[in-house]
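Peer 1: Below you'll find the structure I mean.
The values are calculated or read from the model by the stated rules, or taken from the named source; none is laboratory data. Owing to the predicted nature of the structure, the values given are computational and were not obtained by experimental measurement. Cβ coordinates were reconstructed from backbone atoms using ideal geometry, including for glycine residues, and neighbour counts include every protein chain displayed. Surface accessibility is based on the protein's heavy atoms, side chains included, excluding ligands, DNA and RNA. Shrake-Rupley method; radii C 1.70, N 1.55, O 1.52, S 1.80 Å.
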Amino acid sequence: MRRAWIAFALIVLAIAAVVAALSWLLLHGHLELVAWLLAALVVSLVGTAVWQAVRGHRRRGVLLIAGAVLVAATVGGYAWSLNGKLSDIDRIDASAIGQGDRPDASPNRSINVLLMGADNPDRLADKPTVAELLADGDWDPGAYRSDTMMVVHIPADRSAAYVVSIPRDSYVPIHDPEGREHGLDKINAAFSAYGPIGTWRTVENLTGLRMNHMAIIDYAGFTDLTDAIGGVEVYIPEAVYDPKQHQQWEQGTTLLKGELSLKYVRMRYGLAEGDFSRVDRQQNFMRALMRKTLADDTLGNPIKLSNILDAIAGNLTVDSGWTNGDIRALAVSLRGLDASKVKFLTLPLERYDTVEGAGSVNIIDDSAARELWRAVREEKVRGYVRDHPEDALPDDDEVS
């Protein structure tokens, strides 16, 4: 009898050791391995319970079965909770995008996502969300603007990701949700006048690329997201003052949390290249955010991961065609991606200009832009980055 209890105690200790090992693996980013080991643990507990029952130790068998059920229920409940957070993401009807001519779809498994930031011009005014505004199919012109537009390209082999920013003052043909052109204007006029679907159309016509999906993050979401991961660090190479937001940025490393992160990505006054410097800041913030989010102790921490998904789901809107299953499948296919494999670029500039009715604008270098979008379409962005380093985001310590 005593030996049996010693054996049972050793089994319990072994289980405790396995749980400790799984926790260590989680915190060091081995999520897929942990999933397999948890499945193996449940099977082992059930097998040991049967073995104990056959030997006449039914009470121990019951305890082991209870342990297996507890592990399975905990893991299953956590997975169910995460999936529920994905269901909380707002969806908007994107059926209008199917009307009219569009660029051809990619012949391979590459994915293009249009990422937009939605900013309320009057943050003190209480107004419906982007999804609520579009619930009846109509857009309220001027309700929101977008100073952030990025084409996120994920190659078919999922070995990297490329983010191409389109500065908000780029002077381009504007299109409505049905694809009709409405003359030239700053590209952020597309979102203000025609909403996210109009911007989707405008970007497709500009790039010649079909966007598979779109995602809109409320600018206020920057504050929630940075708070959820404990803030991100950026380096300010030279002290600079933002007269628009009355914010002094001192030289050195700065921890961005909450409202400060929003001020960082919004700033353009006081920066040498104005709109393009703001794009650099937005990309630099995203790079730091990804680095922190993809760190082992963030994704591997169940509480932090849950908080991150809460912050994302509460401030994100995607097209109705992007299902939970699609999002999960994409996340799994990118499990080997780290921040170093994400490259940031900006649409090439020819010159600054002033246009009556539009004000100060950016005139795009059409020839270079066509080369860039062709590189995206033909999966040759790595070569483009090598040949055009001036279009790539500078190193961390060189962003104003």
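Peer 1: Could you work out the relative contact order of segment 211-259, using alpha carbon pairs under 8 angstrom and six or more residues apart, expressed as a whole percent?
Peer 2: Relative contact order here is 39 percent.
Peer 1: With the dipole of the chain worked out from charges on the C-beta (+1 for Lys and Arg, -1 for Asp and Glu) around the Cα centre, which of 355, 311, 72 lies farthest toward the positive end?
Peer 2: 72
Peer 1: Hey, any idea what the orientation-averaged projected area of the convex hull of the chain's Cα atoms comes to, in nm²?
Peer 2: Mean shadow area of the hull around the Cα atoms is 23.6 nm².
Peer 1: Sticking with this structure for a sec: Where nothing but the Cβ of Lys and Arg (+1) and of Asp and Glu (-1) is charged, how large is the charge dipole of segment 269-386 around its Cα centre, in debye to the nearest 20?
Peer 2: 560 debye
Peer 1: Using a cut-off of 25 Å between alpha-carbon atoms, which lysines can reach residue 263, once sequence neighbours fewer than 8 places away in the same chain are excluded?
Peer 2: Cross-link targets: 127, 186, 244, 292, 304, 343.
Peer 1: Here is a follow-up. Once you put a point 7 Å from the Cα of residue 136 and another 7 Å from the Cα of residue 160, both along the Cβ direction, what distance in nm separates them?
Peer 2: According to this spin-label approximation, the distance is 4.8 nm.
Peer 1: Once neighbouring chains are kept in place and the probe is 1.4 Å, which whole percent of the accessible area of the chain is contributed by carbon and sulfur?
Peer 2: Within the chain, the accessible surface is 56 percent carbon and sulfur.
Peer 1: Can you give the Rg to Rh ratio for segment 236-322, taking only C-alpha atoms and Rh from Kirkwood?
Peer 2: Ratio value, two decimals: 1.04.
Peer 1: Something else now. Write down the accessible area per residue of the chain in Å², having rolled a 1.4 Å probe over the full set of protein chains.
Peer 2: Accessible surface, normalised per residue, equals 50 Å².
Peer 1: For every helix of n ≥ 4 consecutive DSSP H residues, a contribution of -39,500 (n - 2.57) applies; sum these over the chain, divide by its total residues, and give [θ] at 222 nm rounded to the nearest 500 deg cm²/dmol.
Peer 2: -15000 deg cm²/dmol
Peer 1: If Rh is defined by the Kirkwood formula over all Cα pairs and Rg also comes from Cα, what ratio Rg/Rh do you get for segment 110-241?
Peer 2: Using only Cα positions, Rg/Rh for segment 110-241 is 1.00.
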